[in-house]
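The values are calculated or read from the model by the stated rules, or taken from the named source; none is laboratory data. Computed from a prediction, not measured in an experiment: that's the story for all the values here. Here the Cβ positions follow ideal geometry from the backbone for every residue, glycine too, while neighbour counts run over all protein chains shown.
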Amino acid sequence: MPLYEHVFISRQDLSGSQAEGLIEHFGTVLADNGGKLVDQEYWGIKTMAYKINKNRKGHYAFLKTDAPVPAIQEMERLMRLHDDVMRVLTIKVDDHGEGPSVQMQKRDERAERRERR
């Protein structure tokens with residue numbers, strides 16, 4: 001089955017547990033349609049570059065999935081219909097990276113960056 005990565009932003013006035021509940025909800029949608037949630041990360045509340053639906057901040061969540069195309073389409077359709085979800089991004093990938101995403105790594109754990117002049 002194809003591998004996908006999803007990032008979605010939910011409204012800032014949700015509690016942390018409600019935002020994590022959205023991750024579980026969309027994971028069960030995938031499971032009901034023949035896919036599976038490989039990994040999930042809750043990135044927390046982050047400030048956005050511009051307002052979306054009069055919100056400056058949002059709860060960010062990251063999902064790694066292994067699912068057929070109809071399951072992904074159904075999950076995206078339900079995300080777009082859900083009132084609490086503001087934005088969705090889905091990318092098809094060749095393989096899932098090992099370990100946590102860059103957002104979850106500490107600054108000193110990241111690869112060394114080039115020195116500025």
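Data overview
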| quantity | calculated |
| --- | --- |
| Verdict on G21 being under 17 Å from G58 (Cβ atoms), among the small types (G, A, S) and touching a residue at least 40 places away in the same chain (Cβ under 8 Å) | no |
| Filter result for D95 (modelled with pLDDT under 90 and outside any loop (DSSP other than H, G, I, E, B)) | no |
| Exclusive hit being modelled with pLDDT under 90 and under 22 Å from G99 (Cα atoms), set G16, G44 | G44 |
| Qualifying residues in region 1-44 (those that are hydroxyl-bearing (S, T, Y) and touching a strand residue (DSSP E or B) at 6+ places or on another chain (Cβ under 7 Å)) - the one nearest to L81 (Cα to Cα) | S10 |
| Strands (runs of 3 or more DSSP E) lying entirely in region 1-92 (those with 3 or more residues that are of a type in the set (A, V, I, L, M, F, W, C), under 10 Å from the mean Cα position of the chain (by Cα) and surrounded by 14 or more Cβ atoms within 10 Å (Cβ to Cβ)) | 3-11, 55-66 |
